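Enquirer: Sharing a structure, written as structure tokens. Questions coming.
The values are calculated or read from the model by the stated rules, or taken from the named source; none is laboratory data. All of these numbers come straight from a predicted model, not from anything done at the bench. Positions of Cβ are generated from backbone atoms using ideal geometry, with glycine treated the same way; all protein chains shown enter the neighbour counts. Areas reflect the complete protein model, heavy atoms only, side chains present, ligands, DNA and RNA absent. Shrake-Rupley method; radii C 1.70, N 1.55, O 1.52, S 1.80 Å.
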Amino acid sequence: MAHYLKSERDGGIVTLTLDNPDAAVNTVSPAWVDEMIAFFEDVKGDEGVTGVIVTSAKSGFMAGADLKFILDTPMTAADAFAFSQRATRMHRLIETCGKPVVAAIGGFALGGGYELALACTYRVVADDPKAVVGLPEVNVGLLPGSGGTQRLARMIGVEKASEVLLGGGSYAPLKALEIGLVDLVEPASSVIDAARAWLATNPDPVRPWDRKGFSLPESDGLLKQTTAGWFTMASARLRAKYGDNYPAPISILTCLFEGVQVPLDKGLLVESRHFARLIADPVSRNIIRTTFVNKGLAEKGARRPADVPPSKVARVGILGAGMMGAGIAYSAAKVGIEVVLLDTTMEAAERGKAYPAKLLAKQVERGQSSQDEADALLARIRATTDYADLAGVDLIVEAVFEDTAIKADVTRKAEAVTGAHALFASNTSTLPISQLAEAFSRPEDFIGLHFFSPVDKMALVEVIMGKRTSPAALARALDFVAQISKTPIVVNDSRGFYTSRVFQTFIHEGMELLREGVSPALIENGARQAGMPIGPLALLDEVTLTLPMIIVRQTEREDPSFRRPTSMVVAEKMVDELSRPGRSGGGGFYEYPEGGSKRLWPELATYFPVAAEQPDVEEVKQRILYIQAIETARCLEENVLLHPADGDIGSVLGWGFPTWTGGTLSLIDTVGLPTFVAECDRLAQQHGARFAPPQSLRDRAASGGSYLIG
Ligand code: NAD
């Protein structure tokens, strides 16, 4: 019995409605493919059928493959090839069934959903901004594996297809029409009528590439003569952008290049082979696990104590209208929360409010927001210096200067005017939450909400449990994070929490390499080749070299067992001797010529001589990634991190640990624990005890365990 499909016949026209009863969206699954094959076999053999309309009972037309299914289903390359070929055959059956088939697209058609539309003879899409089409597979390390690369190239040409496939974007109806991704845009209410009207014209069901003498669209005429040259150039550009870390973009390009030179059926085999290779490669699984599955679970409350009733913030008080306070105010007001934004002077408070105003003005200019929406959002933010205005707030977020005494002072003043039910959160980046909670009479209602800068762009919030924070406070904090559409991880209070602590190891390793005599260009390039968004020296220039110095000195004061990293001499020399604290201080490891682009400071070699023998770039990459992974394993051992998945999410979303690894702990799993431990022992011998793997990692390796994979 049909499970995913409903069909209705009206004369010669059959309307096929996609309706997955098990989920809110239609997704590609083996069982659905089987039903589709059976349906179109019938259509093919039924002489009475003159046309088919494919539509959906859901608000969306169809999403792509179920990524959770892909992650949870172990597939060898051979399995993945068969999986891809079965869906490919289904699409081929649709376009060779001898009847014209129209995709009537009322909502989004993405990935496998848009591949289905591509296999139809004609595509009508609703004139609705939500009815986007596209092939986003590249974003999760894959490629469209059931004909998407081949049909798109034949429909719109290789060059345009490569932009769509490599960009992985979603296209609104009119843009999609302009590029040629759809054939007609109609008001939502008349999509089906338009499909019917088109079928009434007795269209030829044979696709252009199945007709004699087919050639690629005209725009590619020039390209055809120079295809090899174009391909070489395009792959060089991709290599420069992704290095060897992301196999999907190069595979997509290869499918286009090889696939369009052979008949469609052969091209489809090429595509399936590449799809299989990508599925069997750990990179796509790493990306899917962290940025899709585990991120989604965290957002849906995986860490939320279940027995606490759901809560909602109607009014939030924000203390400190600086960079962070202003960003948090914007994020809250955006989802309808009333915001009281408090600072010491009206001028400072208004300056804070000016930040969302600036963001909104840009959005209005770009047509992303209407003036009315922008005005309404701004009207929800009240700038003030008066604590009495905080009366009735459900939540206070403190974001004043990073100073214990100032924070204690504002905490007391705020508590005096807020009711007994208000939750209190500090956005401190370094100060222990349990210590800050001492200024609050209800430490069980005190929690850390560590946002990242710029708040409007950065999705992560590190939620920090103080020693006495209650599960109810955690639940309320997570409800607020969900309300403002951010992604939470939950950690226990400790120096630097999780993200700042591991991030420090990255910048210190960069300085240590410099101290050892490794060429600064090799350090920066090695980090970027590993996939870090920016080299450690360039990053230090941005955050200032004084930052790690302050943290190290403070830790030394407070923790007698702490051993000063040898890399500190680099920061001290740069700041104390050479007065080069970073970009904001006029220069650091780089110099910033007026009107020109930054370049490594030529004098660096005078103070940090470059050794005659340089390490291989692979060694630099390994040190930079491994030091962060080891520190994460320590955080887990010390119960700072409570869940391995949070380690991955925090590293990728928090400080840009490369997505291809899946995050710091997925990296260890991907390398394999025994190999990782052996490599760390070697690095510890050569470069210092900071590389020594923690005991829990050794034990896990010895017992054949892992963190997230397997
Ligand atoms: P900022 O200097 O831009 O803003 C701090 C604001 O607090 C200023 O507007 C200041 O006038 C105000 N302020 C100071 N004393 C006050 C008082 N007694 N009462 C009311 N307002 C007062 O700093 P920021 O970058 O927004 O950082 C704020 C907090 O967030 C700090 O604890 C910081 O460690 C933390 N944080 C910063 C970042 C970042 O990247 N900047 C990231 C995460 C967390």
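Enquirer: For F562 and A379, FRET efficiency with R0 = 51 Å and r from the beta-carbon atoms, rounded to 0.05?
Expert: 0.55
Enquirer: Taking amide H atoms as placed 1.01 Å from N in the peptide plane, list the residues 5 or more away in sequence, or in a different chain, whose amide H sits under 5 Å from that of V28.
Expert: A65, D66
Enquirer: Extension gain V569-V364, at 0.36 nm per residue separation less the Cα-Cα distance, in nm?
Expert: My answer for the length gained is 68.9 nm.
Enquirer: Over the range 315-494, with the other protein chains present, what is the accessible area per residue in square angstrom, probe 1.4 angstrom?
Expert: 40 Å²
Enquirer: Using the Cβ atoms and a cut-off under 11 Å, what net charge is assigned to the surroundings of S7, where Lys and Arg are +1 and Asp and Glu are -1?
Expert: -3
Enquirer: Could you work out the relative contact order of the chain? I mean the mean sequence separation of Cα pairs under 8 Å and 6+ apart, divided by the number of residues, in percent.
Expert: 9 percent
Enquirer: Enumerate by residue number the GluC sites (Glu not before Pro) in the range 559-600 meeting two conditions: DSSP loop (anything except H, G, I, E, B), and at most 10 other Cβ atoms within 10 Å of the site's Cβ.
Expert: Loop-located and lightly packed - E594.
Enquirer: I've got another one for you. Shape verdict for the range 428-514, please, from the Cα gyration tensor: rounded (a/c under 1.5), prolate (a/b greater than b/c) or oblate.
Expert: Oblate is the answer for the range 428-514, as a/c is 1.5 or above yet b/c matches or exceeds a/b.
Enquirer: Can I ask one more? Given Cα positions, please report Rg to Rh for the range 428-470, the hydrodynamic radius being the Kirkwood one.
Expert: 1.04
Enquirer: Place the peptides 464-476, 604-616, 622-634 in order of packing, highest mean first, counting for every residue the other Cβ atoms within 10 Å and averaging per peptide.
Expert: The packing order, highest mean first, is 622-634, 464-476, 604-616.
Enquirer: In whole percent, how big is the carbon plus sulfur part of the accessible area of the range 315-494, probe 1.4 Å, protein atoms only?
Expert: Carbon plus sulfur share of accessible area: 54 percent.
Enquirer: In terms of solvent-accessible area of protein heavy atoms at a 1.4 angstrom probe, what is the ranking of K175, K212, K573, highest value first?
Expert: From most exposed to least exposed: K212, K175, K573.
Enquirer: Something else now. Working from the alpha-carbon coordinates of the range 315-494, get Rg over Rh, Rh being the Kirkwood radius.
Expert: Rounded to two decimals, Rg/Rh equals 0.95.
Enquirer: Here's something else I'd like to know. With an 8 Å Cα cut-off and a minimum separation of 6 or more residues, compute the relative contact order for the range 414-493 in percent.
Expert: It comes to 28 percent, rounded to a whole number.
Enquirer: Quick check: pseudo-label points 7 Å beyond the Cα along Cα→Cβ at D204 and R442, how many nm apart are they?
Expert: Here the answer is 7.5 nm between the modelled labels.
Enquirer: Shape verdict for the range 188-342, please, from the Cα gyration tensor: rounded (a/c under 1.5), prolate (a/b greater than b/c) or oblate.
Expert: prolate
Enquirer: Continuing with the same structure: Sequence gap at least 6, Cα distance under 8 Å: using those rules, report the relative contact order of the range 315-494 to the nearest whole percent.
Expert: Relative contact order for the range 315-494 comes out at 20 percent.
Enquirer: While we're looking at this one, here's another question. Specify whether the C-alpha gyration tensor of the range 563-710 places it in the rounded, prolate or oblate class, a ≥ b ≥ c being the square roots of the eigenvalues: rounded for a/c under 1.5, otherwise prolate if a/b is larger than b/c and oblate if not.
Expert: Prolate, since a/c reaches 1.5 and a/b exceeds b/c.
Enquirer: Hey, any idea what Rg/Rh is for the chain, computing Rh the Kirkwood way over Cα pairs?
Expert: 1.01
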